[in-house]
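The values are calculated or read from the model by the stated rules, or taken from the named source; none is laboratory data. The structure presented is a predicted model; accordingly, all values stated were derived computationally and were not measured. A quick note on method: Cβ atoms are made from the backbone with ideal geometry, for glycine too, and the neighbour counts reach across all protein chains shown.
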Amino acid sequence: MNKIISLCLATLSLTAVVSLVARQRLQASDTQPVTIQFQGVAGDTLFRCGESYPLGRESILTTPADFRFYVSEVELIDTAGNAMPMTLEQDGQWQYQNVALLDFEDKTGACANGTTETRDRVTGTVPVGDYVGLRFTLGIPFALNHADAALAPSPLNLTSMWWNWRGGYKFVRIDLETGKMAASPSATKSEGGQGSHGGGHSGHGNGHPTGGAGFLIHLGSTGCQAAAGSQQPTACSNPNRVTVTFADFDPAANVVIADLAALVRDNTLMTNAPNTPVGCMSSPNDGDCLGIMHNFGLTFGGQATPGQTFFRMGDRTP
């Protein structure tokens with residue numbers, strides 16, 4: 001009798017294991033992996049630290065010193081026009097929840113304020129389907145934007161990509177050195193550098209660069225109201241998050257191109273509006289931000305954007 005009972009229990013256990021494996025395989029078969037490739041360029045030239053490019057309205061020879069940005073809420077659009085959220089791989093370094101960091105600098109040349117690692121893709125899964133388009137947000141969702149970067153998981157722990165409790169993160173950090181307005185080490189590094197330890201990022205330093213720091217482009221939320229400076233705000237009058245859509249995009253064949261030249265094409269990089277931060281820090285009263293915000297796809301100073309030009313679609317190379 002005991003042998004019969006033992007045999008039955010063993011059979012039930014084996015059945016349970018087989019059923020669990022079958023369910024896991026079924027769940028896995030309900031999704032498909034996807035990689036969205038990004039590429040940083042200056043016009044038609046691939047971005048590299050240490051290289052200089054003719055940028056701005058006057059084609060001033062410019063050396064980028066930083067080129068990073070956050071994207072979130074990545075979706076693929078199916079043939080019926082439905083947007084399916086992409087579940088991001090939680091890799092402990094570049095992606096957290098629905099936010100991913102793209103990082104084209106490698107801490108060489110003028111990019112001494114960055115990290116040695118680079119990242120040019122967003123990875124994850126979507127439900128099995130036939131997809132024809134892509135949508136994503138440039139920026140970080142409000143719920144994650146106003147946390148303490150010193151306590152946040154990677155990639156939200158980079159304090160060089162963070163302003164303060166009210167403003168939250170810099171969704172985009174692009175630092176440019178121009179001939180006469182070259183970034184001094186003390187100015188650039190006052191915002192903080194960071195190294196990498198293990199699988200994640202370790203952030204150090206904070207604040208804004210000051211004085212003689214070239215032309216800096218830091219996109220983030222402004223007009224964020226809170227009872228005190230160290231408290232999280234309840235809303236921001238200028239969220240400055242941008243939804244980017246490509247109606248015809250194949251992740252296997254296409255790449256998202258982020259173009260520095262297209263972003264600053266309407267700016268004179270050798271001059272700066274009086275009594276304003278160097279470059280564009282997203283201040284609604286900074287005249288240097290007009291062309292840049294429009295090229296990001298944002299209304300600025302009461303003037304509607306003609307449409308974003310920072311991102312465009314290209315073909316993936318083998």
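Values for this structure:
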quantity: Some residue of region 103-116 being part of a strand (DSSP E or B), under 20 Å from PRO141 (Cβ atoms), of a type in the set (Asp, Glu) and without any contact (Cβ under 8 Å) to a residue 60 or more places away in the chain; calculated: yes
quantity: Candidate set from region 208-217 (those that are out of contact with any Asp or Glu (no Cβ under 7 Å at 6 or more places or on another chain) and either within 11 Å of GLU177 (Cα to Cα) or surrounded by 24 or more Cβ atoms within 10 Å (Cβ to Cβ) (or both)); member that is modelled with the lowest pLDDT; calculated: GLY212
quantity: Of all residues making up region 117-164, the number that are among the polar types (S, T, N, Q), over 15 Å from the mean Cα position of the chain (by Cα) and in a loop (DSSP other than H, G, I, E, B); calculated: 0
quantity: Neighbours by Cβ (under 7 Å, 6+ apart or cross-chain): first from region 140-169, more than 25 Å from ALA65 (Cα to Cα); second buried (at least 24 other Cβ atoms within 10 Å of the Cβ) and of a type in the set (Gly, Ala, Ser); calculated: HIS146/GLY168
quantity: Residue check, ASP266 over 22 Å from the mean Cα position of the chain (by Cα), at pLDDT 95 or above and outside any helix (DSSP H, G or I); calculated: yes
quantity: The lone exception for ASP288 - which of (1) within 20 Å of THR137 (Cβ to Cβ); (2) not in a loop (DSSP other than H, G, I, E, B) it fails; calculated: (1)
quantity: Per-region count, region 156-175, residues at negative phi and touching a helix residue (DSSP H, G or I) at 6+ places or on another chain (Cβ under 8 Å); calculated: 7
quantity: Matching option when the condition is touching a strand residue (DSSP E or B) at 6+ places or on another chain (Cβ under 9 Å), among the hydrophobic types (A, V, I, L, M, F, W, C) and surrounded by fewer than 21 Cβ atoms within 10 Å (Cβ to Cβ), among ALA143, ALA150, ALA110, ALA100; calculated: ALA150
quantity: Residue satisfying condition, being of a type outside the set (S, T, N, Q), assigned to a strand (DSSP E or B) and buried (at least 22 other Cβ atoms within 10 Å of the Cβ), within set VAL71, VAL41; calculated: VAL71
quantity: Among (1) crowded, with 16+ Cβ neighbours inside 10 Å; (2) out of contact with any His (no Cβ under 9 Å at 6 or more places or on another chain), the one test that THR115 misses; calculated: (2)
quantity: Leading residue by the ranking (farthest from PHE69 (Cα to Cα)) among those in region 263-290 that are touching a strand residue (DSSP E or B) at 6+ places or on another chain (Cβ under 8 Å) and of a type in the set (A, V, I, L, M); calculated: MET270
quantity: Those residues of region 62-100 which are without any contact (Cβ under 8 Å) to a residue 60 or more places away in the chain and closer than 20 Å to PHE171 by Cβ, in sequence order; calculated: PRO85, MET86, LEU88, GLN97, ASN98, VAL99, ALA100
quantity: Candidates GLY287, GLY302 - the one that is surrounded by fewer than 17 Cβ atoms within 10 Å (Cβ to Cβ) and under 18 Å from ARG57 (Cα atoms); calculated: GLY287
